[in-house]
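*Asks:* Before I ask anything, here is the structure I am working with.
Each value in this text was obtained by applying a stated rule to the coordinates, not by laboratory testing. The structure presented is a predicted model; accordingly, all values stated were derived computationally and were not measured. Using ideal geometry, Cβ is built from the backbone for each residue, glycine included, and neighbour counts are taken over all protein chains shown.
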Amino acid sequence: MNYPKDFNKLIEFFKSLPGIGEKNAERLAFSTFEMDIEKLESFAKTVNSIKNTIKKCSICGNISDDDICSICNDDLRNKNLICVVEDYKSVYSFEKSGIYNGTYHVLGGLISPIDNVSPDDLNIFSLCNRVKQLKDCEVIIALTSSIDGEMTMLYLKKVLSDSNVKVTRLSYGVPLGMNLKYMDVLSLNKALEDRREIQD
């Protein structure tokens, strides 16, 4: 389609987003073009400032407006229960379930030799420091059921073995290769309720 140059550029930007194909990118571009100027300026300002206003929580690594996220700041949360997840998207999957009342720790990925991702590239050192400061702590490892996920889980179990901490994993009801952020709420609840301790 012979769209104007800047319109084509906008379509290409939308297409670069995950899950957005050609037709959806065109729809989004038209919707953007049809916004009134005030709404469009507000939209552009938000997109432009997001990298400066959104930061990672200094405790868990989740995205936040402040240095410490609202979950870590919540005194009603069980601070001795830490759910370790791959990314911040998984945090919001658990939050939607409404069953979990502990805190989180976002690794920022999985150990993957093929992709040159080592333990040093992930948010693991701060997790070890967190659990050392807690008493009767349980760490729930809630990672994607894949080769990289299993490798990361075993590594975490090893580095946490010197700490006085119980390490558990989600139940095996999680389908192999299933990304947690795409699981339905009921399945995620069941996997969390039926978690089990990781054996050496």
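*Asks:* Give the order of Phe33, Phe94 when sorted by the count of other beta carbons within 10 angstrom, beginning with the fewest. Before the final figure, lay out the partial values.
*Replies:* Details: Phe33 12, Phe94 23.
Ranking Phe33, Phe94 by Cβ neighbours within 10 Å, fewest first, gives Phe33, Phe94.
*Asks:* On to the next question. What is the order of Arg130, Arg77, fewest Cβ neighbours within 10 Å to most? Can you show the working numbers first?
*Replies:* Values: Arg130 19, Arg77 16.
If I rank by nearby Cβ atoms, fewest first, I get Arg77, Arg130.
*Asks:* Further question on the same structure: From the phi of every residue in segment 99-104, what ³J(HN,Hα) in whole Hz does the Karplus formula 6.51 cos²θ - 1.76 cosθ + 1.60 yield, where θ is phi - 60° and glycine or proline is x?
*Replies:* Couplings: 9, 8, 10, x, 10, 10 Hz.
*Asks:* Subtract the Cα-Cα distance of Lys166 and Ile20 from 0.36 nm times their separation in residues, and report this length gain in nm to one decimal.
*Replies:* Stretched out fully, the Lys166 to Ile20 stretch lengthens by 48.4 nm.
*Asks:* Separate question: Relative to the present Cα-Cα distance, how much length would full extension add between Ala44 and Gln133 at 0.36 nm per residue of separation? Walk me through the numbers before you get to the answer.
*Replies:* Numbers: separation 89, 0.36 × 89 = 32.04 nm, distance 4.25 nm.
Between Ala44 and Gln133, full extension yields 27.8 nm more.
*Asks:* With θ taken as phi - 60° and the coefficients 6.51, -1.76 and 1.60, list the Karplus ³J(HN,Hα) couplings across segment 165-170 in order, rounded to whole Hz; mark glycine and proline as x.
*Replies:* Per-residue couplings from phi come out as 9, 8, 10, 10, 9, 5 Hz.
*Asks:* Pop a pseudo-label 7 angstrom from the Cα along the beta-carbon direction at both Met35 and Ser70 and give the gap in nm to one decimal.
*Replies:* Distance between label points: 2.2 nm.
*Asks:* Provide the gained length on full extension for the span Lys55 to Glu95, in nm with one decimal, where the gain is 0.36 nm per separating residue minus the Cα-Cα distance.
*Replies:* Working: separation 40, 0.36 × 40 = 14.40 nm, distance 1.91 nm.
Between Lys55 and Glu95, full extension yields an extra 12.5 nm.
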